[in-house]
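Below you'll find the structure, written out as structure tokens, and then a few comments.
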């Protein structure tokens, strides 16, 4: 804000030209940061499978079922037991959805990709790739399963 005027008769005025220029520059900067963030989130990464992860502590198969179901709750996973040793997890976030199968016994578990929408899943010569959010969501689910398994 710029103040202009005579010393004896002080009348503040605002120099709107420079304020508008700064505001436009700020909007451009914020927009560039937002685009960079979206581009980083949208990067394709290999589809992650949690393979034969060991539970912490000992429990029965029924207890493992409950631990896995409870593990999905904090992050919004809907967990459905399909049969003993298999739970299907579905996570919907904004316009994206991912479905995984958690196969397990009393000592180990595996989290495998089933399907997704809105995450740009692709298969190519290098393997299966998907947006990076998938890996973060699966890592969070694995961490929550391990937390539940030691309770």
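The values are calculated or read from the model by the stated rules, or taken from the named source; none is laboratory data. What you are looking at is a predicted structure, and each value in this text was computed from that prediction instead of being measured. Virtual Cβ from ideal backbone geometry, glycine too; neighbours counted across all protein chains shown.
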Quick check: is even one residue across region 112-123 in contact (Cβ under 8 Å) with a residue 40 or more places away in the chain and buried (at least 19 other Cβ atoms within 10 Å of the Cβ)? no
Would you call residue 78 within 16 Å of the chain's Cα centre (by Cα) and either at pLDDT below 95 or closer than 15 Å to residue 144 by Cβ (or both)? yes
Within region 81-97, residues being in contact with a strand residue (DSSP E or B) (Cβ under 7 Å, 6 or more places away or on another chain) and at pLDDT below 95 number 1
Taking region 46-94 and keeping residues more than 26 Å from residue 121 (Cβ to Cβ) and assigned to a strand (DSSP E or B) leaves 54
Quick check on residue 130: is it touching a residue at least 60 places away in the same chain (Cβ under 8 Å), over 14 Å from residue 71 (Cβ atoms) and assigned to a strand (DSSP E or B)? yes
Give the residue, chosen from 71, 40, that is under 25 Å from residue 115 (Cα atoms) and at pLDDT 85 or above. 71
Give region 86-104 a look and list any residue that's touching a helix residue (DSSP H, G or I) at 6+ places or on another chain (Cβ under 9 Å) and farther than 17 Å from residue 49 by Cα, or say none. 93, 96
